[in-house]
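The values are calculated or read from the model by the stated rules, or taken from the named source; none is laboratory data. These figures come from a predicted structure and were not determined experimentally. Methodologically, a virtual Cβ is constructed for each residue, glycine included, from the backbone with ideal geometry; neighbour enumeration extends over all protein chains shown.
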């Protein structure tokens with residue numbers, strides 16, 4: 001799968017905030033083990049037996065997210081998540097986006113949140129959510145997207161151009177006639193004091 005992304009340029013080159021976001025993206029993409037079972041199966045069109053080989057990893061991560069949402073603090077959730085990522089050697093787009101969220105909060109970016117990609121028909125208004133999560137934040141009134149699974153960061157509209165090709169190949173239910181959009185999705189928000197404590201413990205990964 002080719003996920004190399006050539007960003008749009010202007011006379012000044014890439015905006016400094018995009019360079020900073022891209023650095024975060026590349027750090028998470030390279031430092032955290034990540035395998036998307038869905039994409040791996042679809043990319044190579046392997047038999048269902050190959051797909052089933054990933055299910056145990058996928059199930060463990062899903063159980064982890066569900067269980068830790070009911071712990072006392074967001075610190076507990078992220079601490080367990082980071083440790084499990086190290087052990088399981090597998091993560092999906094949501095897990096990686098959780099880590100990007102922490103790193104963006106440490107950078108004091110504005111309005112950081114997880115978002116789910118989707119499409120909207122300009123004719124019927126029909127909305128479709130795709131099973132893919134990334135991170136959005138604001139900078140000087142503009143929305144910026146970081147996608148740690150596919151490994152790119154850019155202004156949202158530039159990101160949509162990249163997704164046009166990615167979704168056509170990998171996302172079930174993708175309709176190229178739909179206008180891509182972002183839907184808010186569940187973000188395990190962390191308080192500053194919790195983030196400070198978590199960063200002291202995992203500074204090499206989220207600092």
The stretch 181-207, subset outside any helix (DSSP H, G or I) and out of contact with any strand residue (DSSP E or B) (no Cβ under 6 Å at 6 or more places or on another chain), residue surrounded by the most Cβ atoms within 10 Å (Cβ to Cβ): 190
Test for residue 105: is it farther than 17 Å from residue 31 by Cα, modelled with pLDDT of 95 or more and touching a helix residue (DSSP H, G or I) at 6+ places or on another chain (Cβ under 8 Å): yes
Check on residue 89, on the phi > 0 side of the Ramachandran plot and in contact (Cβ under 8 Å) with a residue 40 or more places away in the chain: yes
Number of the exception - residue 132 against (1) within 17 Å of residue 23 (Cβ to Cβ); (2) free of Cβ contacts under 8 Å to residues at least 40 places away in the same chain; (3) touching a helix residue (DSSP H, G or I) at 6+ places or on another chain (Cβ under 9 Å): (1)
Extreme residue, surrounded by the most Cβ atoms within 10 Å (Cβ to Cβ), among residues of the stretch 158-180 that are within 25 Å of residue 103 (Cβ to Cβ) and in contact with a strand residue (DSSP E or B) (Cβ under 7 Å, 6 or more places away or on another chain): 159
Hey, residue 78 under 27 Å from residue 200 (Cβ atoms), modelled with pLDDT of 95 or more and under 17 Å from the mean Cα position of the chain (by Cα) or not: no
